[in-house]
Amino acid sequence: MKVRKAIIPAAGLGTRFLPITKAMPKEMLPIVDKPTIQFIVEEAKNSGIEDILIVTGKSKRSIEDHFDSNPELEQDLEETGKVELLKLTQQITNLGVNLYYTRQPHPAGLGDAIYRARSFVAGEPFIVMLGDDLMSDKVPLTKQLINDYNEIHASAIAVMQVPHEEVSKYGVIEPEGKITKDLYNVKSFVEKPAIEDAPSDLAIIGRYLLTPEIFDILEHQKPGRGGEIQLTDAIDSLNKTQRVFAHVFTGQRHDVGNKEGYLETSIQYGLKHPETKDELRKYIIELGKKLEQESKKK
Ligand code: G1P
């Protein structure tokens, strides 16, 4: 069966980014000039996804507005002859994917957010994309997972080696031997283990290809770590009745879900953006010199 659908959970409260997330969704934080969620939607589109369900919550309405048309703005851009900006604005409404929205009424965990997509998914294999991770590689990571599915007809979860002291921030896999260059068999999936209990340094990184049987498990899933319904726990159960593989990602991952990662990503993208790259580069070189001098004085 063709993988055509994706779910983007975007209901989180964004507490790591307060105060900006008090009234603004963290998914709308810009990387230079584009909200992070647009990068995710574009990755889905570039991977052949046709339908996307965004699971939102309170004070998330600007996500819908962003992907909607803005006739007043468009008219103004047209009248003032700002053709390029008009094109840019209209492209967002014509990305070539269908966007659907539903709300999670209470933040009850990633597993609960995904469960809300059951009837949308309607028995097909599907993708889950978490908005905190921006991925870049020659082939989009979502497409890599779809390619896996087309060969193995099973679930595949993207993982990446992380520094050992960071494992407790992630879902972690207990690998059980490689089946190809990129794919591991998995013995167990553990949500945010204590560092000393972590079965490996291979962390789940925000792209999942799942078979629809996950919903039968989520339906009865008990709260796990943090008192929340954890997707990782449901995946661990699924792996007991059908194989769930881990796909090792070797491209670049930008974690925009914390302040430092967000700033680093903004700088890296700013150094590529045609309007900012030259001036920003000069500024960073000068700043580097200044900081070096300052640290020598200390
Ligand atoms: C979620 C998942 C976790 C995964 C992480 C990747 O955690 O529960 O298994 O490793 O995303 O970013 P969160 O970061 O939402 O707490």
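Odds and ends about this structure:
- Unmet requirement for Val3, which otherwise passes all of (1) within 17 Å of the chain's Cα centre (by Cα); (2) closer than 26 Å to Lys138 by Cβ: (1)
- Residue in the stretch 7-28 that is nearest to the ligand (Cβ to nearest atom), counting only those that are in a loop (DSSP other than H, G, I, E, B) and buried (at least 19 other Cβ atoms within 10 Å of the Cβ): Gly12
- Residue, surrounded by the fewest Cβ atoms within 10 Å (Cβ to Cβ), within the stretch 163-174, restricted to residues that are part of a strand (DSSP E or B) and more than 9 Å from the ligand (Cβ to nearest atom): Glu174
- Residue, nearest to the ligand (Cβ to nearest atom), within the stretch 230-272, restricted to residues that are among the polar types (S, T, N, Q), outside any helix (DSSP H, G or I) and surrounded by fewer than 20 Cβ atoms within 10 Å (Cβ to Cβ): Asn258
- Figure legend. Inter-residue proximity from the stretch 140-154: first residues in contact (Cβ under 8 Å) with a residue 12 or more places away in the chain, second residues β-branched (Val, Ile, Thr) and part of a helix (DSSP H, G or I), beta-carbon distance below 8 Å, spacing 6+ or different chains. No pairs are indicated.
- Candidates in the stretch 175-201 are the residues that are assigned to a loop (DSSP other than H, G, I, E, B) and within 15 Å of the ligand (Cβ to nearest atom); of these, the one that is surrounded by the fewest Cβ atoms within 10 Å (Cβ to Cβ) is Ala194.
- Residue count for the stretch 202-226, restricted to those that are touching a Lys or Arg at 6+ places or on another chain (Cβ under 9 Å) and away from the ligand (no atom under 14 Å from the Cβ): 3.
- Residue in the stretch 141-151 that is farther than 23 Å from Lys2 by Cα and within 15 Å of the ligand (Cβ to nearest atom) present: no
- Residue satisfying condition, being under 29 Å from Ser119 (Cα atoms), free of Cβ contacts under 8 Å to residues at least 24 places away in the same chain and not β-branched (Val, Ile, Thr), within set His220, His247: His220
- Unique residue being within 14 Å of the ligand (Cβ to nearest atom) and surrounded by 13 or more Cβ atoms within 10 Å (Cβ to Cβ) when the list is Ala154, Ala158: Ala158
- Those strands (runs of 3 or more DSSP E) of the stretch 75-162 in which 1 or more residues are among the aliphatic types (A, V, I, L, M) and farther than 30 Å from Asp201 by Cβ occupy 98-103.
- Of all residues in the stretch 198-217, none satisfies being in contact with a helix residue (DSSP H, G or I) (Cβ under 8 Å, 6 or more places away or on another chain) and modelled with pLDDT under 95.
- Pair list, Cβ < 7 Å and 6+ apart or interchain, from the stretch 159-175 residues that are among the aromatic types (Phe, Trp, Tyr) to residues that are within 10 Å of the ligand (Cβ to nearest atom): Tyr170/Val162; Tyr170/Lys192; Tyr170/Ala203; Tyr170/Ile204
- Residues satisfying the stated conditions in the stretch 202-218, i.e. assigned to a strand (DSSP E or B) and among the β-branched types (Val, Ile, Thr): Ile204, Ile205
- Test result for Ile285, farther than 16 Å from Ile205 by Cβ, in contact with a Pro (Cβ under 9 Å, 6 or more places away or on another chain) and either modelled with pLDDT under 95 or not hydroxyl-bearing (Ser, Thr, Tyr) (or both): no
The values are calculated or read from the model by the stated rules, or taken from the named source; none is laboratory data. This structure is a prediction, so every number in the text was calculated from the model and none was measured. A quick note on method: Cβ atoms are made from the backbone with ideal geometry, for glycine too, and the neighbour counts reach across all protein chains shown.
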